[in-house]
Number of protein chains: 2
Amino acid sequence: MSKTSSEAGSLVVVACCCLVLFIVGAGAAPGTPSAFRDIFIGRCEDYKLGGINKLADLSELSSKNCSELWELFSVAWLGKEPCDVEPNDYKDFVESASITIPKDMSNFWDGWDIYDTVRSYSREGQRTWTLDYTLIGYLINGFYFCGDGKGGVNTESCPDDGECGFAVGAVDAFWAEASKHFSISAEGLSRVFFNSSRPGGPFQTEESFFSEFELCNLTPEKISLMDIYVLTDVRQSPQHDCDSVSINNLKSILDSKSIPYNCWDNPRDVFHQLCIDYDDHEDCTFLNDDGAVHKQSFFLITCIAFIVLQFTTKDTS
Amino acid sequence: MSKTSSEAGSLVVVACCCLVLFIVGAGAAPGTPSAFRDIFIGRCEDYKLGGINKLADLSELSSKNCSELWELFSVAWLGKEPCDVEPNDYKDFVESASITIPKDMSNFWDGWDIYDTVRSYSREGQRTWTLDYTLIGYLINGFYFCGDGKGGVNTESCPDDGECGFAVGAVDAFWAEASKHFSISAEGLSRVFFNSSRPGGPFQTEESFFSEFELCNLTPEKISLMDIYVLTDVRQSPQHDCDSVSINNLKSILDSKSIPYNCWDNPRDVFHQLCIDYDDHEDCTFLNDDGAVHKQSFFLITCIAFIVLQFTTKDTS
């Protein structure tokens, strides 16, 4: 019985090990798309035409060779073990795909809970540029990909975000190098968006792509102002604001780099965007909205009528 | 002198004819992108992964063969004279690339002056679906393309919008057929966006893709409600509204098809979107905005204070 029990225990341990190995080895995220090269080339040729990001410099784009860019990109990870890729492996690709970010357009963000907001706000690069509307980011945005360790690609599954360690592995290493380059290229007014309710605080220094690859790579001489946006969804209460410890940490780092900043709690422009889906919420009511005006006016008119009545009564008495 | 004058006149006529022929023949719009097939295949494979339009049905998309779709699409125009293409030529392609439009999501529009607004509003298909976020529209959106009349493509220049006549020619015929199909597929609540300041009125019946390919192809049994949005940019005065003749024409057509409708002049949700870039404008002020509240409150508090003072004076007198 005890032997049987021991064997069963061993089986459980072996099974668990296999399960762990399976999860780490195969990855918890989707594998490389089988048409990845076709999509990459398609996106590249598409971007070069100027319709994807209308503010991109066409003459600069005309010098990009999409097949060469694919070679430079794929050599960084294709065939390797999924986690055996470092940011520096993408250096040549990132430099070759680099385009000028227009002055005053760079838009940083940190934390997935703000991504949809900042993506809508950027208006496909027409209002601001997030990394994913540069050529570098556009080519890769939305994909998981990894090698199979045997010279090919893994189309079954790849490591999930952070699974290889921070900024390591085919996907995360790419975004680390791309983020660094985006930050080095930023010029003039810049913005950074955070969700005020982000668990752990809006600004974080540990394992944050913004903190570890963007903030530290900003060129103080090139950044005239950093607008910090601390955003809270309609119907939620802000968990942090511009005066919270988390944001004060960011301000200290900007101070130490002599980068001027403003901080805005739910500034009106972004709040209008957040209101699109909650236009009935009281916080989204327009001052000139009929209902709101009537409510305000009712009290004011009642008040004035009362005064007039007082005077009339006084006169007649 | 008169002969010379006559010759000169003939030369001018010939030159003018050549110019007209040059403009019509060569086209005033860009030519077919040299990498058109690569971009088409790339967009198609990309869309099939589900990241482009997150509400598209993945199982439905998995049956699409991108190379086959290209063949069906290109056979409609490739090699032909630029203007020698009719909507019906795209029938097979449109049917093969068709996907289900989720109920209550279809979003129509008419007039280029509203396109940016409706595109932002749709939020990449997450809020509503315009034709260009269906697979059919996504594959072709933003391109000019045409044949060379000799079995190949014209990469130099193609006819501009309407240059071959209404809904005729490689590009316009495609959008006509695609619009018709989009309309037939729409179900539940639907929306149509117009710019109130559109020259000629928001709703037009002549040479309008909405009027001639969408409105007339709506299935009354499938459309539960049509929301008509008449939109005016911030800082502009509305030239038309829900009660203007132009919109009343549309209402009559909907009545005749027994399709229920509502009409909204600058409804709050879209107006919030329009306010993002004009958040300082008085029409964009929030009721709860600090400045606005102070201004309103000032009059109310003054009024109440006056009443209180009246009573106090009365008591003490």
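The values are calculated or read from the model by the stated rules, or taken from the named source; none is laboratory data. All of these numbers come straight from a predicted model, not from anything done at the bench. Because the Cβ atoms are built from the backbone with ideal geometry, glycine has one as well, and the counts that use them run over all protein chains shown.
Where helices (runs of 4 or more DSSP H) sit wholly within the range A:53-117, those with at least 3 residues that are on the phi < 0 side of the Ramachandran plot and crowded, with 17+ Cβ neighbours inside 10 Å occupy A:66-74, A:91-97.
Would you mind finding the one in A:220, A:238 that is out of contact with any strand residue (DSSP E or B) (no Cβ under 6 Å at 6 or more places or on another chain) and either within 27 Å of residue A:173 (Cα to Cα) or of a type in the set (S, T, N, Q) (or both)? If you could, list the steps in order and put the result at the bottom.
Details: A:238 fails: either within 27 Å of residue A:173 (Cα to Cα) or of a type in the set (S, T, N, Q) (or both).
Answer to the check: A:220.
In the range B:32-55, the residues that are under 22 Å from residue B:83 (Cα atoms) never reach a residue that is modelled with pLDDT under 95 with C-beta atoms less than 8 angstrom apart, at least six apart or across chains. Would you confirm, using the coordinates I've provided, whether residue A:140 is among the aliphatic types (A, V, I, L, M) and either within 21 Å of residue A:96 (Cα to Cα) or modelled with pLDDT under 95 (or both)? Answer is yes for this residue. When the test is whether a residue is among the polar types (S, T, N, Q), closer than 18 Å to residue B:70 by Cα and free of Cβ contacts under 8 Å to residues at least 24 places away in the same chain, residue B:141 passes it.
Quick one: would you say residue A:193 is under 13 Å from residue A:247 (Cα atoms) and aromatic (Phe, Trp, Tyr)?
Working: under 13 Å from residue A:247 (Cα atoms): yes; aromatic (Phe, Trp, Tyr): yes.
Judged against the criteria, residue A:193 is a match.
Residues in the range A:138-170 that are crowded, with 20+ Cβ neighbours inside 10 Å and of a type in the set (S, T, N, Q): A:154 only. Considering the range A:153-188, the residues that are touching a Ser or Thr at 6+ places or on another chain (Cβ under 8 Å) and in a strand (DSSP E or B) include one that is farthest from residue A:222 (Cα to Cα), namely A:153. Within the range B:23-36, does at least one residue satisfy the condition of being in a helix (DSSP H, G or I), assigned by TED's automatic domain parsing to the domain that holds residue B:157, surrounded by 17 or more Cβ atoms within 10 Å (Cβ to Cβ) and at pLDDT 50 or above? Yes, because at least one residue in the range B:23-36 is in a helix (DSSP H, G or I), assigned by TED's automatic domain parsing to the domain that holds residue B:157, surrounded by 17 or more Cβ atoms within 10 Å (Cβ to Cβ) and at pLDDT 50 or above. Residue under question is residue A:257, and the condition is that it be away from chain B (no Cβ under 14 Å) and within 17 Å of the chain's Cα centre (by Cα); does it hold? So residue A:257 fails the test.
Would you call residue B:78 modelled with pLDDT under 95 and hydrophobic (A, V, I, L, M, F, W, C)?
Numbers: modelled with pLDDT under 95: no; hydrophobic (A, V, I, L, M, F, W, C): yes.
Against the criterion (modelled with pLDDT under 95 and hydrophobic (A, V, I, L, M, F, W, C)), residue B:78 does not qualify.
Total residues in the range A:237-294 satisfying the condition of being over 30 Å from residue B:119 (Cβ atoms) and part of a helix (DSSP H, G or I): the figure is 14.
Just to be sure, is residue B:227 assigned to a loop (DSSP other than H, G, I, E, B), surrounded by fewer than 17 Cβ atoms within 10 Å (Cβ to Cβ) and either of a type outside the set (Phe, Trp, Tyr) or under 16 Å from the mean Cα position of the chain (by Cα) (or both)?
Values: assigned to a loop (DSSP other than H, G, I, E, B): no; surrounded by fewer than 17 Cβ atoms within 10 Å (Cβ to Cβ): yes; either of a type outside the set (Phe, Trp, Tyr) or under 16 Å from the mean Cα position of the chain (by Cα) (or both): yes.
Answer is no for this residue.
Could you identify the single residue in A:252, A:244 that is without any contact (Cβ under 8 Å) to a residue 12 or more places away in the chain and over 30 Å from residue A:76 (Cβ atoms)?
On the way: A:244 fails: without any contact (Cβ under 8 Å) to a residue 12 or more places away in the chain.
Just one listed residue meets the conditions, A:252.
Under the condition of being outside any helix (DSSP H, G or I), touching an Asp or Glu at 6+ places or on another chain (Cβ under 8 Å) and under 30 Å from residue B:59 (Cβ atoms), the residues counted in the range B:127-152 number 2.
Taking (1) exposed (fewer than 13 other Cβ atoms within 10 Å of the Cβ); (2) of a type in the set (S, T, N, Q); (3) at pLDDT 95 or above in turn, residue B:285 satisfies each apart from (1).
Which one of these is within 17 Å of residue A:176 (Cα to Cα) and assigned to a loop (DSSP other than H, G, I, E, B): A:221, A:214, A:207? Explain how you work it out, then say what you get.
Details: A:221 fails: within 17 Å of residue A:176 (Cα to Cα); A:214 fails: assigned to a loop (DSSP other than H, G, I, E, B).
Answer to the selection: A:207.
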